[in-house]
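Written below as structure tokens is the structure these notes are about.
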Amino acid sequence: MIFSTDVDGLLTSFGEGGGKILGYTWEEVAGTSIQDYASDPQGFEDLLSAAKGAERHAREEMSFRHKQGHSVHFSVILVPLTNTKGETIGTVGICRDITDAMKLQKDLVRIDRLSEVGRIAADIVHEINNPVAVINEITGWIKTIVTDAQGLSPEDREELEIALTRVGEQTQRCRDITSQLLGFVRKRAPHTKAFDIRDILEKTISFLKPELKHSNVEIVLDFADGPLMVESDGRMLEQVFVNLLSNAIHAIRDKGAEEGRIHLTGSIVDAEAEILISDTGTGIPEEDREKVFGLFFTTKPADKGTGLGLPICRNIIRKLGGDITFESRPGEGTSFKVRIPA
Ligand SMILES: Nc1ncnc2c1ncn2[C@@H]1O[C@H](COP(=O)(O)OP(=O)(O)OP(=O)(O)O)[C@@H](O)[C@H]1O
Ligand SMILES: [Mg+2]
């Protein structure tokens, strides 16, 4: 935005740029005071006075009001305008719109603060890990004492044992959360070797057998003939598939249908191994699509989900040079696609 004023600060010209940025036409502003459009008219007037006395120019960041009401931030330079006798006859203003730059600056500050919070969280988790391990150990020890104790009524013994089992379960849950979070922030380098990815999937399915026992969920491994070789980190992939399969099992259970199916397919596409994990569960509603990979996003009850599964999966797969995406139809099911270098 470029404008000029007379000695009294009344506009004598106002370029097209100003019209674009502030929304006024020359006809609307001709003869008015430029400071009337500043968010802080007094501050602008001070700058104008400074410019009159200045050798070359006065410069400051100021905001103006757009005709529609919102603020526009400018870097303003005011240059005194003189005639041939050297008398000041007005001012020329050259203003650069820095609204976007200021927003970027704010975003950077926020990102910086977030990563600081992440670092602090990692430290806290680390600190909590040790006391939780101690509680876990002592719980086991008290259990032994209760079992061996004389003079306890059978009811008391039973109640104590149940309570201790609870404490044990809950501390285990804390340890799972802390170790998962630590895995997320710590940068363990992948240990890669060549293997058939089908072996990993079969192993993962066998881990989940106990969970499958109580439900009518069928897992179908539907791979093309022959091995599907990748050079990757098997332990990390196991963690990913356990997370994805248990999410699928939960989604099927949540739907409450008689039975459900998880279909696993694998193939090589453009030098990448592509694994599809499709379930017939609840599906992911449109409004959650952007959120499911976020830390701590969960729709499960507080004692069931922590919302760490998917962000950790994505983190791992990206570390392995691949990516993870999904497609979902609410009410029909979801299909997660994992791609890693073949
Ligand atoms: N296959 C799926 N079908 C439907 N919804 C899913 C599926 N997978 C994930 N989601 C949704 O995404 C959310 C986040 O999943 P994520 O694995 O990150 O956390 P979680 O399963 O809730 O908890 P955690 O894995 O930490 O125990 C879930 O709570 C669920 O709402
Ligand atoms: Mg999960």
Length gained if Thr147 through Gln68 is fully extended, taking 0.36 nm per residue and subtracting the Cα-Cα distance, is 20.8 nm
Under 19 Å by backbone N from the virtual spin label 7 Å along Cα-to-Cβ at Asp254, the residues of segment 193-215 are 211-212, 215
Connecting every pair of Cα atoms under 10 Å apart in the chain and solving the GNM, the largest mean-square fluctuation among Ala251, Ala189, Ala273 falls on Ala189
Computed over the chain: longest principal axis from alpha-carbon atoms vs helix 99-148 long axis, angle to nearest 10 degrees, is 20
Among segment 319-338, those whose backbone N falls under 16 Å of a label point 7 Å along Cα→Cβ from Val220 are 333-336
With N residues in the chain, Rg(alpha-carbon) / (2.2 N^0.38 Å) equals 1.63
For segment 270-309, the Kirkwood Rh over every pair of distinct alpha carbons, in Å, works out to 12.4
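Probe radius 1.4 Å, ligands and nucleic acids left out: which of Arg65, Arg314 has the largest accessible area, and how do the rest follow?
From most exposed to least exposed: Arg65, Arg314.
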Taking a probe of 1.4 Å and leaving out DNA, RNA and ligands, segment 47-97 shows per residue an accessible area in Å² of 60
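Sort largest first and round to whole Å: the equivalent ellipsoid semi-axes of segment 179-330, each the square root of five times a Cα gyration tensor eigenvalue.
Values: eigenvalues 111, 81, 44 Å².
Its equivalent ellipsoid spans semi-axes of 24, 20, 15 Å.
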Rounded to 0.05, the calculated FRET efficiency for the beta carbons of Glu286 and Ile89 at R₀ = 41 Å is 0.10
Taking Cα atoms only, helix 234-255 is inclined relative to the longest principal axis of the chain by an angle, in degrees rounded to 10, of 90
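Over 23 Å between Cα atoms: which of Lys106/Lys319; Lys143/Lys203; Lys143/Lys209; Lys213/Lys291; Lys193/Lys319; Lys20/Lys52 fall into that group? Before the final figure, lay out the partial values.
Working: Lys106/Lys319 29 Å; Lys143/Lys203 33 Å; Lys143/Lys209 29 Å; Lys213/Lys291 31 Å; Lys193/Lys319 15 Å; Lys20/Lys52 27 Å.
Beyond 23 Å between Cα atoms: Lys106/Lys319; Lys143/Lys203; Lys143/Lys209; Lys213/Lys291; Lys20/Lys52.
Net charge around Lys304, counting only other residues with Cβ within less than 13 Å of its Cβ (Lys, Arg = +1; Asp, Glu = -1)?
Details: positive: Arg173, Arg253, Lys300; negative: Glu169, Asp176, Glu211, Asp254, Asp303.
It works out to a net charge of -2.
Roughly how many percent of the accessible protein surface of segment 107-214 is carbon and sulfur, given a 1.4 Å probe and a whole-percent answer? Can you show the working numbers first?
On the way: 4650 of 7830 Å².
Reported share for carbon and sulfur atoms: 59 percent.
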Which of Thr99, Thr265, Thr178 fluctuates most in a GNM of the chain (C-alpha springs under 10 Å)? That residue is Thr99
Contour minus Cα-Cα span, Glu158 to Asp8, at 0.36 nm per residue, comes to 44.9 nm
Rounded to the nearest 10 degrees, the helix 309-319 long axis (Cα) sits at an angle to the longest Cα principal axis of the chain of 80
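The values are calculated or read from the model by the stated rules, or taken from the named source; none is laboratory data. For clarity, every value in this text was computed on a predicted model and none was experimentally measured. Every residue, glycine among them, receives a Cβ derived from its backbone with ideal geometry; neighbour counts consider all protein chains shown. In case anyone asks, the SASA skips ligands and DNA or RNA and just uses the protein heavy atoms, side chains included. Shrake-Rupley method; radii C 1.70, N 1.55, O 1.52, S 1.80 Å.
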